[in-house]
Every structure is written in C-alpha cells, then in structure tokens.
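Report on the following structure.
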Amino acid sequence: MSKVGPAPVAAPPAVGARVGRRRGVELALIVLAVLLSVYGYCAVGLARTGSVPPGAAGYGAGLGVLALCAHVAVRIRAPYADPLPLPIAVLLNGLGLVLIYRLDLETPHDRAAPAQLVWSTLGVALFIAVVLVLRDHRVLQRYSYVCVVAALALLALPILFPAVNGARIWVRIAGFSIQPGEFAKVLLAVFFAAYLAANRNALAYTGRRLWRMQFPTGRVLGPIVAIWLLSVGVLVLERDLGTSLLFFGLFVVLLYVATGRTGWIAVGVLLAVGGAYAVGQVEPHVAGRIDDWLRPFATIDAGRGPNQLAQSLFAFAAGGVTGTGLGLGHSVLIGFAVKSDFVLATAGEELGLAGLAAIVLLYGVLVERGYRAGLALREPFGRLLAVGLASLLALQVFVIAGGVTGLIPLTGMAMPFLAQGGSSVVTNWAIVALLIRVSDSARGQYDGREAP
Amino acid sequence: MSEYGGGRPMAPYIRRARVFCALLLAALLVNAARVQVVRAGAYDDNPANRRAVIARYAVPRGNILVGGRPVTGSVDTGEQLRYERTYRDGPLYAPVTGFASQLYGTTLLEHTHDGVLSGTDPLISGFALWHDVRRDGGPGGDVVTTLDPAAQRAAFQGLGGRRGAVAAVEPATGRVLALVSTPSYDPAELSGNSEAVSSAWARLNHDPEQPMLNRAVRQTYPPGSTFKVVTAAAALDAGVVTNLDARTRSPDPYRLPGTTTRLTNEGDGCRDASVRDAFEWSCNTVFAKLGVDVGVPQMTATAEAFGFNDPGVRMPFPVAKSTFDTSVDRAQLALSSIGQYNTRATPLQMAMVAAAVANGGRLRTPYLVERTTRPDGQALNGTSVRPDRQVMRAATAARLKELMAGVVQEGTGTNAAIPGALVGGKTGTAQHGVGNSGVPYAWFVSWAQAAGAEVPAVAVAVVVEDASADRGEISGGGDAAPIAREVMRAVLAR
C-alpha cells in the first residue's frame, strides 16, 4: 500500500480552449484506488493468517460500487469537474477501512470496520446527493445565515449529553455516536465564505487606521467576531481544542484571502497565543497536553510507563523508512483511540515514512486542487468557499498529524477519511462533493485566464 | 473593479494561502522524517518500547536436546508475548536448561545460547542487511547437549528427596553426561508473565532449600577425603612416594606441624600404613603428612592442573571456582591436603579429578553442548578440538587407578562395585561448620570401565548434603556410592 501511482498532472490546455472533461482519467484512477485498497486488505490477511481474507472480494466490490456510483453522479451533473478529488477520496477512505480492519484484528471484541463501512456508504450517498441536488454552489450563498444557525446549534447540542473521555463532543442516539461539530465545520466554512464575499470590501477599506494597520468598523466586524467567539467558547466548554484551533485557523485564512490585510494574520496569531495561554492557565487538561508535547517521555521517567504520545512516537519510529508491512506492526500498544485519533501511527509504522509521505501527498494534491478551483473561479463566494474547504482539510491534517508525531501539542481530532468516526467520514465526503461542484463551475466556465 | 465579481484582487492572497498550506504539510513530512529516521534508533531502544520484547517472543524458541529428544518446547499463548517456554521433565534438567522467563530473563543454557534459541544469532538470522529491511525474526535454532538421559535420570532418582548434586563426565572426551542438583524446581513455572509466575519466583527465591541453586556447578563443598586423590597424585608425581606398598613413616595421631593439635583417624591401623592401605581405608594422618612432605608449591601445581583456583571455567555457563589455598603454613597445608581448611570443590571439579585419573592423566575440558543447529537441523557450530592438558604423568594415573579400584574392591567404596566392570572410587565425608557441628557432606568420586574397554566410559562425583548425622554409620561409601554406581551402570549399559 505504500506505493501510490504518480498523480497525473493535467497538461496545460491551449489558451482559449475549453478544458477537457477527463472523466475517463477519473474512472481509471478510481479503479486504481479500489485495487490498491483491495491489495491492502489482502496484504493484512496474508500477513496475519497467511491467506487472503474471505471478505476481500466483498470489500473490493462494495468499495468499487460506491466509487462507481459517485463517478456516475459526477458524470451526469458535474462533467467538467476536476478528475482528481474523487479518486483521492476513494483511496484515502479505502486505506482507512484497511487500517481499521487491520486494527480490529487486535481487538476482536470491538470491531469498528463494519460501522465505518456503513458510514462510508452514507458519506458517498451524501456526496451523490450534493452533486445531484446542488446544481450551482452559489445557491449556498443565500442560505448563509441558515448555515451559521445550524452550525451553532450543532456545536451546542453535545452540551446536553454526557461527556465521553473528557470531551463533550458526542451525541449518542440509538447506539450511534455522532460528533455534530464535524458537520458544523462545513456549515461554518459556507457562512464565512458567504459573509466575507459580501463584506470584504467594507472590511478592507472602511474603518479607522491605527499604527499602519487598518481596523474595520464594528458594524462590519461585529457579527463575524461574535460568531467566532461563540463557536470557540462553545468548544472550550466542550474541551475539544482541536476543532477550536481548526475554526480559528479557517477564520484567519479566509479573512486574509478576502481582505488581503496582513494585519489580520498578526491579530490572529496574537489572539491564538493569548487564547492558548489563557486556556492553558484555566484548563489542566490543556496544560497537561502541552507538558506531554514538551516532554513526551516524562511518564516513562516517572515510572508510569509510556503515555499515548510516547507510544505513538515509538510506532512511527518502528516503521522507519519502509515500514513493517501491513498487519505486522504493534501500534495497538497505543491503546485507546488507536483507530481514531492515532490511526496515522498505524500507517506510519506499517507503511513507513514512504507510505506516510504518500498519504500526506494525497492530502496535498486534494488541497491543491481545491485552491486551483478557487483561483480559476470568477466570483468571490466560490473562491472563498473553495479556499476555505481546502484550507479546512490542510489544517485538519496538520493539527492531528502534527499532534501524533510530536510536532505540536496533541489535540483529539479525526484524520480526514482515514480515522474511525462516522461524522468525520460523512463530513469529508461532503467537502469533496462541494470541491467537485466548485471545480465543475471553475472548469466549465474556463476562459484561459487561470488554469483550473 | 479590476477582477471578476468586483472588488479587490484575491488571487495573490489565495496563492499565498496555498503556499502556507503547502508549508504546513511539508513541516509534517520533515517532522515525520525526524521521528522515523533521525530519532528512530533512540525510540526503538527505549526500554519502555515493548516492540523488542514482542519480537523476541513472536517466534517459537529453539529447543534444548538431550539424547536426540527435545526437553523443551514452546506453546503459542495467543497473547501479546506469543510463545512461552515449556519443559519436559523440568526439574530433572533444570540444572542444565535453566529457565527462559518473560519476566525474569534467562539462565544457564537458556542464557548462554539465547542468541541461537531465540533466533537472533547472526548465524541463524542470516544476511544482516536483509534482516534489517524485513525485520521479521525467524524461528530459533536448537542446542544439542552431551547429556545421557539415562545417567541423568539415575542420578536424579538416586538423590531422591535429599539435598545434593551429581556431575558425570566422559573421561576420554570431556562430554558432560549428567548434571543434577536436588532439590530442583520446574522452570516452566517461570516461563510466562502472569501473576502466578511472580508468585512462583518469590516462592522459589525464599525457599530455604534453594531449589534454584545449581549445586553441581555453582556450589563448592569441602571435598574431604576425596581430595586425597589429588594429594596422592602430587606425591607420586613429586617422587615423595615411589612404592605404594611400602610402609610410610606416619604417626597416629599426627601432630599438625607447629601446633599441638592432634589429627586422628576414624579407624585403626593407620600408623605407618602403606599408601595403598591408607587410600583404601582413608587415613587422614597419612595423607596430611604426605601433603606436608610434598610441600605447598607441588601441591598447588597439581591441584591447579586439575582445575582448582581457576575462576574462568565455563561449560558454557560459568562454574564456581574450586579453591586450594596457596598461602598456608604447614599445619594448614596438612589440613588442606585432606580436603579441609580452605579447600573447596564443586561436584563437577571432583568429577574432573576422577576423569583425569581414568583418562591416563589427561584432563579433557568438560563441555555440555555438543553442537548448535539451525531450525532445519543443519549444524551451526560442531564439536571443535577442545583444550586438554596432562595433569599428571601417565604412570601416576595408572597407579592412582589401581588405588581407586582397591577402594571399591576391598576398601570404603564397595557399595559402588558393578559386576563385570572395573570400578574405581574414593569416598569422602567432609565435616564442616564450627567445631564440625554441621551436617557432614557425603562424597563419592569414581569411574567405571566396562570389561574390554580401553578407558573408563564415565567418571562421576556425587555429594549428598544431608547425609544422616551419625558419623559412624554414614560416609561417602554408604550414601553417595550407590548413587554413583547407578549413574555409572546407566552409562555402561548404553
């Protein structure tokens, strides 16, 4: 699984020509993605029991049918869409199922792969629904205030439910655990994009100047800061700092892109540092995370054995450059959350630095295609939406992958597509659906000025 | 309104945000390389990292073979530390195998040959570079011992419930045929990592009987009269004695030189007794005086040729140093020469004394491992030429054989006689403790030669610690000699 075919780079089209539809490329890459996933599934079985697991054909067929349905939907309703996001999503989702299936073998009483497959199906269904129903992404602009109310409601919902593992981010209904904050991400991105597209000139040009920096008037800035503070406040109450950091980063990036004011970045970083310090003072949970990050082996020195971060580092180190091979690592030593927050450690140990680099590159290509669509679009909402969704993915990958590899303090968050977690998978399929929709507009109206 | 949709241009900022995202992902890769390549070695070697331990128990451990059959095994527990050690006849072979515990490490052959048994030895794991790439351990190789299962069992059953040890070697080669220590323990109790293992460990370590002490090689005892073989060898080699049957000028009791202490004998008839009679009836007075006549340098040279004072004996696990004190006055030398004072020997050392006599004065270094093999049986290390040395002149050895045979034919060791075979031996009953108050140790060292054979096939040393306290009834001949006889009979019956 550590080998990922080189991503085909679309040849720059001749000036003035329409962009090719490239649906055949998409189909070929989807087939490759499904085959790679099935190969990974078989590799796990061969390594563990010496035989191809009995479910391999079913798994491949299931993933293939899902991917083909998505492909057909794109063919019908988004014929000019970028051919790369869908195969990348299929490959990451397929690889995530392989990793979870592989970890299920270590915890026979707690199987997560079947549920993850159900959630993946729901995610693809949502993808198809979005692609079929949403004919033009600009429609979303009209519903921006509906989005923000829905987002805040979703964020507030888990407060009514008991905390799970220290974080109040879960809603449990009829045996299903849902993380509403995951869905809120997309809704907030839509709202930010719509609001900033409408008000960006006011934000950039009006207001007073203080020491070379332009501050917008309270009338324009007020609502957006209020909503941001509200969302962050809810998250601090729910102790989900990863998502808080994610929203904050998304907010700053979009504000910068919309206004071009570097002052926003300075203000944003100052706010982030101040906020982190304040929360660190109040919340022992957060202070502990920062201590763990600075001294990951402190618990070993104290004779209490390695903590999860130390175990995660051990897993990555054990993988080395080439990895142990699927099914042959011992990342299960990480214990709790090995299939969700720490799933990347399994990839790092069993696929090695080579496999990890391939995965990060896949995310990188996905993000880049989002930005590319943003650059090619003509209207600000679409641009900001594409940039926002792409940045959301990049930030989320950075926060969680940086956390489990000791680059930044660890915050609980799901690796997009790879990690166990239904809400996350469904949300990420929605993000990819919106990227497909946006890129279809960008490439469909391409006039040769900015390569989509 | 320079750009689509009106307002400020956005593209430059989008490009910068794109670079920012690219930098974030690049930072991830750089950090991943730091963790997975630069720091990987330190993380892999961190003692809190269980991976090394898991890898060690991921494959079945190789076996220790006795008489062509494995006396060990491996059981797949399905746990994280997958394979656990099992033992067939654990207590019987514990002084050879030692234990291989997931909690407490390894001992004896399990320890000295851990590389072969666990499969990490480069000779087994093969091409090192390929191993680094694949990192999957292969199964372990086997260790083939020199033990004779019948002799081992005879020694174990002979000792029964008593505290003691037996060491038997093949004089012509140095192959160790039996190595027994009682009371023993079952090393299988220590194999796993459960609560039961730690309680077994605590129980065995606090047991006053010290079941985990390998008395055959790790415990030294005063050899008592069995040391008279060494003294006789020194006297013959030095020319102090030329005629075994000539009367010696030995008083009874013998006043230790420079003291007023009088040394006596158990029996009568030791005054001026010939060396032959004194050996057969174990006269302390004669041999104490003989040692003094030989002198410290010659006594030391002979004792050290037999292996005394050598701290580096390995079999391949280390053997406790047997001692002969070299800085003694004449009185102390007299006592040293009859196996008392600071003279101490392991049962294995005394078996080596008997073996040197049996093998014409040539001492073969004892060894326990015949060869090691790959899992498929292919030999890794075969028997190489092992060092040997001439301990005494061949003529001296021949006369000592005569003396030892006399002990079994008509002396204190008649209990060791085997019909149809030539058996030589020497009894010993060593007193110890303050004022000899401790329970005496019963010794017997011997060899046995089948009719028609050129050299004895077996040399054996037996020590029984808690021989009954009544000195008059017990002796090496009474308690230890029958055990030696059964061991020798088992070897001769092959």
For segment A:311-349, the count of residues that are under 29 Å from A:Gly288 (Cα atoms) and more than 7 Å from chain B (Cβ to nearest Cβ) equals 21
With respect to A:Gly388, determine if the residue is over 28 Å from A:Ala202 (Cα atoms) and assigned to a helix (DSSP H, G or I).
no
Identify the residue in segment A:144-163 that is assigned to a loop (DSSP other than H, G, I, E, B) and surrounded by fewer than 15 Cβ atoms within 10 Å (Cβ to Cβ) and, among all such residues, is nearest to the chain's Cα centre (by Cα).
A:Ala163
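Let's see how each residue does on (1) at pLDDT below 95; (2) assigned to a helix (DSSP H, G or I); (3) more than 11 Å from every other protein chain (Cβ to nearest Cβ); (4) at negative phi:
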| site | (1), (2), (3), (4) |
| --- | --- |
| A:Leu361 | no, yes, no, yes |
| A:Gly370 | no, yes, no, yes |
| A:Leu375 | yes, yes, no, yes |
| A:Asn428 | no, yes, yes, yes |
Members of segment B:108-122 that are surrounded by fewer than 20 Cβ atoms within 10 Å (Cβ to Cβ) and hydroxyl-bearing (Ser, Thr, Tyr)
B:Thr120
Within segment B:214-230, count every residue that is in a helix (DSSP H, G or I) and closer than 15 Å to B:Phe324 by Cα.
7
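What are the residues in segment A:395-426 that are on the phi > 0 side of the Ramachandran plot and within 14 Å of chain B (Cβ to nearest Cβ), if any?
A:Gly406
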Looking at segment A:250-299 only, could you name the residues that are within 14 Å of chain B (Cβ to nearest Cβ), touching a residue at least 60 places away in the same chain (Cβ under 8 Å) and either among the aromatic types (Phe, Trp, Tyr) or surrounded by fewer than 16 Cβ atoms within 10 Å (Cβ to Cβ) (or both)?
A:Trp293
Among residues belonging to segment B:72-91 that are under 15 Å from B:Glu110 (Cα atoms) and out of contact with any strand residue (DSSP E or B) (no Cβ under 6 Å at 6 or more places or on another chain), point out the one that is surrounded by the fewest Cβ atoms within 10 Å (Cβ to Cβ).
B:Arg88
Is it fair to say A:Val432 is over 17 Å from the mean Cα position of the chain (by Cα), away from chain B (no Cβ under 12 Å), in contact (Cβ under 8 Å) with a residue 60 or more places away in the chain and crowded, with 23+ Cβ neighbours inside 10 Å?
no
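Of all residues in segment B:160-180, how many are more than 24 Å from B:Val357 (Cβ to Cβ) and surrounded by 24 or more Cβ atoms within 10 Å (Cβ to Cβ)? Break it down into steps so the answer makes sense when it comes.
Filtering segment B:160-180 for residues more than 24 Å from B:Val357 (Cβ to Cβ) gives B:160-163.
Then drop every residue that is not surrounded by 24 or more Cβ atoms within 10 Å (Cβ to Cβ), which leaves none.
So the answer is 0.
Any residue at all in segment B:266-275 that is within 31 Å of the chain's Cα centre (by Cα), among the hydrophobic types (A, V, I, L, M, F, W, C) and assigned by TED's automatic domain parsing to the domain that holds B:Gly476?
no
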Scan segment B:30-81 residue by residue and report those that are more than 38 Å from the chain's Cα centre (by Cα), assigned to a helix (DSSP H, G or I) and farther than 20 Å from A:Leu328 by Cβ.
B:Val30, B:Asn31, B:Ala33, B:Arg34, B:Val38
In segment B:34-65, the residues that are surrounded by fewer than 17 Cβ atoms within 10 Å (Cβ to Cβ), of a type in the set (A, V, I, L, M, F, W, C) and at pLDDT 90 or above
B:Val37, B:Val38, B:Ala42
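The values are calculated or read from the model by the stated rules, or taken from the named source; none is laboratory data. Everything numeric here is computed off the predicted structure, so don't read it as measured data. So basically every Cβ, Gly included, is an ideal-geometry build from the backbone, and we count neighbours across all protein chains shown.
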